[in-house]
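Student: Quick one: structure below, then a few questions.
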Amino acid sequence: MKAVVWQGTNKIGVETVPDPSILLPTDAIVRVTSTAICGSDLHLLDGYIPSMEKGDILGHEFMGEVVEVGRDVKKLKAGDRVVVPFNLACGVCDPCRRGLFSACDNSNPNHRMAEALYGAVSGGGLFGYSHLYGGYAGGQAQYVRVPFADVGPFKIESDLRDEQVLFLTDIFPTGYQAAENCGIVPGRDVVAVFGAGPVGQFAARSAQMLGAAHVIVIDRVPERLKMAAASGAQTINYEQEDVLLALREATGGRGPDHVIDAVGLEAHGHGPGALLDTAQQKLRLTFDRITALRWAIMSCAKGGTVSMPGVYGGLVNELPLGAAFAKGLTFRMGQTHTHRYLPDLLGRIEGGEIDPSFVITHRAGLSEAPDLYKTFRDKKHGCIKVVLNPWD
Ligand SMILES: NC(=O)c1ccc[n+]([C@@H]2O[C@H](COP(=O)([O-])OP(=O)(O)OC[C@H]3O[C@@H](n4cnc5c(N)ncnc54)[C@H](O)[C@@H]3O)[C@@H](O)[C@H]2O)c1
Ligand SMILES: [Zn+2]
Ligand SMILES: [Zn+2]
């Protein structure tokens, strides 16, 4: 079969690789009909997530048709149409039972690697996302092996198009969890979202669905801000305005009640903190460039929430923890518990409350993936979200 593979930092290829097969009785094989490139994949392209190996199959946002199931799989059969959460969860461990699916104890066989890196236990496995996260082959491919097939894959029984349900695998639940983590008081709270990438777009719309009185989205890419504005959000271009001042002015001086960092470890920025981040990251003295997180902390109202769907990789410097402490902020973060949100969010799509396909700007076959990774990273040609058809 054909698959998108990581060949090294800044090197993505399309290769012919062996078809996956059932390895455990709880596995299924899915024929992928649609798959997407995520901002998280860019951290792999750019070499910021350790433990990738040449030939690793990428992709964690995918859906398709079940073609084969292991003998213990009860809920799925060949022919079922499914969306598959980007994280793997066993469904029976303590975190899974509590709905903390991304913290699954049993789906990451390489958790010791994570312990060595972070000095503490880490979360469950992810599709196509390094050996640190389990070394599972991803779904930017014609076929994919899906472990824990009775827990993750979610059947789509309506006639919604792939493009309307594909993002249930990651970015829609991720934006939604980020907004839910804010504990928005409907009709009162102001929510600011740093980053108008796909995750920021869904975070902003989710904050509106959860009743935020006002949503403000910050980025520097005009077409991304335009897309956010189409939802009714106020937008701030941080290259044209002093973002901290603009946020104070928009909130009567108190700052947004909650701030979502939908940027993560590759933030751009200006000022001394950003310069230090860049220099220290190059020298491997810090893992992450944290301008967005810094702005989130500095701008958030007293007693507010800083919600962080953006991915962070390790130890950071120049974090204004004193400001966060003085203001009594609450931090919420982590990989999304995708499984938890799927039924409700599918219901919202079916009910016509939202059509997630609004975010798609580019559609192509698998062979164009290497170029489109770079187009998406460099925000060329108005690229906001890429969907690939593995059979084109
Ligand atoms: N927690 C999870 O489970 C989860 C799931 C999916 C994605 N993510 C993470 O969410 C983040 C966003 O993903 P995406 O797909 O939207 O990526 P993206 O790269 O398309 O979007 C990031 C956006 O942030 C903007 N940006 C950069 N620096 C900024 C700053 N200082 N202030 C404001 N905006 C800034 C960029 O211009 C870009 O538009 C990534 O870190 C990704 O890894 C996390
Ligand atoms: Zn993703
Ligand atoms: Zn589990």
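Student: With a 10 Å Cβ neighbour count serving as the proxy for reagent exposure, in which order, fewest first, do 93, 300 appear?
Tutor: 93, 300
Student: Another one. Just from the alpha-carbon atoms, what are the Rg and Dmax of the stretch 172-333 in angstroms?
Tutor: Spelled out, the Cα radius of gyration and Dmax of the stretch 172-333 are 14.4, 46 Å.
Student: While we're here: Semi-axes of the equivalent ellipsoid of the chain: what are they in whole Å, largest first, if each equals the square root of 5 times a C-alpha gyration tensor eigenvalue?
Tutor: Whole-Å semi-axes of the equivalent ellipsoid: 33, 23, 21.
Student: For the chain, what does the helix formula give at 222 nm: sum of -39500 (n - 2.57) over DSSP H segments with n ≥ 4, over the residue count, nearest 500 deg cm²/dmol?
Tutor: Mean residue ellipticity, 222 nm, calculated: -7500 deg cm²/dmol.
Student: Mind giving me the nanometre distance, one decimal, between the label points for residue 54 and residue 117, set 7 Å out from Cα along Cα→Cβ?
Tutor: 2.1 nm
Student: Local charge sum around residue 48 (other residues, Cβ-Cβ under 14 Å, Lys/Arg +1, Asp/Glu -1)? Don't skip to the end; give the middle numbers.
Tutor: Details: positive: 282, 284, 289, 377; negative: 41, 46, 266, 277, 288.
Result for the local shell: -1.
Student: Right, here's the next one. I'd like the Kirkwood hydrodynamic radius of the stretch 201-254, using the inverse of the mean 1/r over distinct C-alpha pairs, in Å.
Tutor: Final number for the Kirkwood radius of the stretch 201-254 is 11.4 Å.
Student: I would also like to ask the following. Order these peptides, 350-362, 308-320, by their mean beta-carbon neighbour count within 10 angstrom, highest first. Spell out each step's value before the answer.
Tutor: Values: 350-362: 15.7, 308-320: 18.9.
The most tightly packed comes first, giving 308-320, 350-362.
Student: Taking neighbour Cβ counts within 10 Å as the exposure measure, how do 37, 49, 236 sort from fewest upward?
Tutor: Ranked by crowding around the Cβ, least crowded first: 49, 236, 37.
Student: A further question follows. Sort 163, 368 so that the residue with the fewest other Cβ atoms within 10 Å of its own Cβ comes first and the one with the most comes last.
Tutor: Numbers: 163 19, 368 16.
Fewest-to-most Cβ neighbours within 10 Å comes out as 368, 163.
Student: Counting only other residues whose beta carbon sits under 13 Å from that of residue 301, what net charge do I get with K and R as +1, D and E as -1?
Tutor: Values: positive: 188, 248, 254, 302, 327; negative: 189, 257.
Local charge sum for residue 301: +3.
Student: While we're looking at this one, here's another question. Compute the distance in nm between two label points, each set 7 Å from the Cα along the Cα-to-Cβ direction, one at residue 302 and one at residue 92.
Tutor: Taking the two extended label points, one gets 5.1 nm.
Student: Taking 41 Å as R0, compute the FRET efficiency from the Cβ-Cβ separation of residue 17 and residue 245 and round it to 0.05.
Tutor: 0.20
Student: Separate question: Pairs 226/385; 75/155; 2/380; 2/379: which exceed 18 Å Cα-Cα? Each step should come with its number before you reach the end.
Tutor: Values: 226/385 14 Å; 75/155 9 Å; 2/380 26 Å; 2/379 26 Å.
Flagged as over cut-off: 2/380; 2/379.
Student: Any idea what the relative contact order of the stretch 172-333 is, in percent, if you count C-alpha pairs under 8 Å spaced at least 6 apart?
Tutor: RCO, the stretch 172-333: 22 percent.
Student: Once the other residues with Cβ under 13 Å from the Cβ of residue 280 are scored (Lys, Arg +1; Asp, Glu -1), what is the net sum?
Tutor: So the environment of residue 280 carries a net charge of 0.
Student: To continue, here is another question. In percent, how large is the relative contact order of the chain, given Cα pairs closer than 8 Å and 6 or more residues apart?
Tutor: 17 percent
Student: Using the alpha carbon gyration tensor of the stretch 85-207, what are the three equivalent-ellipsoid semi-axes (square root of 5 times each eigenvalue), largest first, in whole Å?
Tutor: Sorted largest first and rounded, they come to 26, 20, 15 Å.
Laboratory data are not the source of any read-out in this text; all were calculated from the coordinates shown. Just so we're clear, the structure is a prediction, and the values are computed from it rather than from any experiment. Heads up, the Cβs are rebuilt from the backbone with ideal geometry, glycines too, and the neighbour counts pull from every protein chain shown.
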